[in-house]
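The structure under discussion appears below in the form of structure tokens.
The values are calculated or read from the model by the stated rules, or taken from the named source; none is laboratory data. Treat the numbers as computed from the prediction; the structure is a model and nothing was measured. As a convention, Cβ positions derive from the backbone with ideal geometry for all residues, glycine included, and neighbour counts pool all protein chains shown.
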Amino acid sequence: MIRSDWGDWLVRDVEDATPDGVAIWYLGCNGFVVKGREGTTIYVDPYLGLGDPPRTIRMIPVPFDPDDVQAADAVLATHEHTDHVHGPSQAPILANTGAPFYAPDDSVAVAREEEAWTDEWDVADDQLTDVVESDTLEIGEFTVHVEQANDPDATHPVSYVFEHEAGTFFHGGDTKPTDEFERIGDEYAIDLAALAFGTVGQIPDKRTRDPKRTRWYNDENQIVECAAALECERLLPSHWDMWKGLTADPAALHHHAASFDHPRRLELVEIGDRVDLS
């Protein structure tokens, strides 16, 4: 059972909020909660695990206990990695709320086969739904488009574009630059883009446990390349806070972004922070 360092205040803050447009809470790692003015609440990549010490060591608090979540209209995952598809973090939300889980096929396979969510938790098989690029989901007041992503470490990654009357939010998962982002930037007016950012570090190999030079996320130049192609108004760097050896300073991105037309602004947040579209 997951025990939060923070109790239930963040979950209650989300559930009690009445945003004027769209409120977005950063959960650390690459997790977010997106809530609209009518109350539609979507969790994206929420991860509350501790990693696999000493290989992956969590550097931030566990912000809530998933058993405390009583309101969710959907849970989305971008790809199959443990910090994006994790039964102990996500299945209790589905069990408590009856919400659907949307994810690409390899992510749903983790939930169904590797982690057996329908056996280990009170999750129905029809709550687990595959998505593919070009799909469109209508979730309450949001139209969610499933788009391309480029994560060479994943078997089937996707990104999501959340459209709402108040604005458009792009969640890239752990994507790196791709030619598809120019098309996406032309197709949608993206107000806020969340993109994974981190350093290159020495991480123990999963099999041998020998230190291995590891790049899992965008560096400073790659993340600005993504943001420029997407033509986003605001860039929110994510994932930089999570793993020991791969943490980074997002404030450094001011220098890298300064000469580009996009992003026009950096949105630097810490775990538990809220940003708004209105």
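Hey, among the residues in segment 18-69 that are among the aliphatic types (A, V, I, L, M) and not in a loop (DSSP other than H, G, I, E, B), which one's nearest to residue 87 (Cα to Cα)? Even if it seems obvious, please write down each step before you answer.
Of segment 18-69, the ones among the aliphatic types (A, V, I, L, M) are 22-24, 27, 33-34, 42, 44, 48, 50, 57, 59-60, 62, 69.
With not in a loop (DSSP other than H, G, I, E, B) added as a condition, the list becomes 22-24, 33-34, 42, 44, 57.
Details: 22: 27, 23: 25, 24: 23, 33: 17, 34: 20, 42: 17, 44: 14, 57: 19 Å.
So, considering only residues that are among the aliphatic types (A, V, I, L, M) and not in a loop (DSSP other than H, G, I, E, B), the one nearest to residue 87 (Cα to Cα) is 44.
Tally up the residues in segment 206-227 that are in a loop (DSSP other than H, G, I, E, B), without any contact (Cβ under 8 Å) to a residue 24 or more places away in the chain and not polar (S, T, N, Q), please. Give the steps one after another, and end with the answer.
Taking segment 206-227 first, the residues in a loop (DSSP other than H, G, I, E, B) are 206-210, 215-217, 219.
After this cut, where a residue has to be without any contact (Cβ under 8 Å) to a residue 24 or more places away in the chain as well, the list is 207-208, 210, 215, 219.
Retained after the next criterion (residues that are not polar (S, T, N, Q)): 207, 210, 215, 219.
Total satisfying the criteria: 4.
For segment 201-246, give me each residue that is among the hydroxyl-bearing types (Ser, Thr, Tyr) and in contact with a strand residue (DSSP E or B) (Cβ under 6 Å, 6 or more places away or on another chain). So that I can check it myself, show each step before the final result.
Let us first name the residues in segment 201-246 that are among the hydroxyl-bearing types (Ser, Thr, Tyr), namely 208, 214, 217, 238.
Result: 214, 217, 238.
Please verify whether residue 36 is of a type in the set (Gly, Ala, Ser), under 19 Å from residue 162 (Cβ atoms) and buried (at least 18 other Cβ atoms within 10 Å of the Cβ), treating the condition exactly as stated.
Spelling it out, residue 36 is indeed of a type in the set (Gly, Ala, Ser), under 19 Å from residue 162 (Cβ atoms) and buried (at least 18 other Cβ atoms within 10 Å of the Cβ).
Give segment 216-246 a look and list any residue that's under 21 Å from residue 61 (Cα atoms) and among the polar types (S, T, N, Q), or say none.
238
Restricting the search to segment 41-59, which residues are surrounded by 19 or more Cβ atoms within 10 Å (Cβ to Cβ) and either farther than 20 Å from residue 111 by Cα or without any contact (Cβ under 8 Å) to a residue 12 or more places away in the chain (or both)? Explain how you work it out, then say what you get.
Let us first name the residues in segment 41-59 that are surrounded by 19 or more Cβ atoms within 10 Å (Cβ to Cβ), namely 41-48, 56, 58.
Passing the criteria: 41, 56, 58.
Quick check on my filter: what residues within segment 80-130 are farther than 17 Å from residue 175 by Cα, in contact (Cβ under 8 Å) with a residue 24 or more places away in the chain and β-branched (Val, Ile, Thr)?
93, 97, 110, 123, 129
Name the one entry in 123, 158, 144, 132 that is surrounded by fewer than 18 Cβ atoms within 10 Å (Cβ to Cβ) and either β-branched (Val, Ile, Thr) or at pLDDT below 95 (or both). Steps first, please.
Values: 123 fails: surrounded by fewer than 18 Cβ atoms within 10 Å (Cβ to Cβ); 158 fails: surrounded by fewer than 18 Cβ atoms within 10 Å (Cβ to Cβ); 144 fails: surrounded by fewer than 18 Cβ atoms within 10 Å (Cβ to Cβ).
Within the list 123, 158, 144, 132, the selection yields 132.
Given (1) surrounded by fewer than 21 Cβ atoms within 10 Å (Cβ to Cβ); (2) farther than 10 Å from residue 192 by Cα; (3) over 19 Å from the mean Cα position of the chain (by Cα), where does residue 253 come up short, assuming only one miss?
So residue 253 meets the others, but not (1).
Scan segment 60-67 and tell me whether some residue there is touching a residue at least 60 places away in the same chain (Cβ under 8 Å), hydrophobic (A, V, I, L, M, F, W, C) and closer than 17 Å to residue 196 by Cα. Working first, answer last.
So the first thing to find is which residues in segment 60-67 are touching a residue at least 60 places away in the same chain (Cβ under 8 Å), and the list is 60-67.
From what's left, hydrophobic (A, V, I, L, M, F, W, C): 60, 62, 64.
In the following step, the residues that additionally are closer than 17 Å to residue 196 by Cα were identified as 60.
For segment 60-67, residues touching a residue at least 60 places away in the same chain (Cβ under 8 Å), hydrophobic (A, V, I, L, M, F, W, C) and closer than 17 Å to residue 196 by Cα: present.
Among the residues that make up segment 115-123, is at least one of them under 14 Å from the mean Cα position of the chain (by Cα) and not charged (D, E, K, R)? Explain how you work it out, then say what you get.
Initially, segment 115-123 is screened for residues under 14 Å from the mean Cα position of the chain (by Cα), giving none.
The answer is no; no qualifying residue exists.
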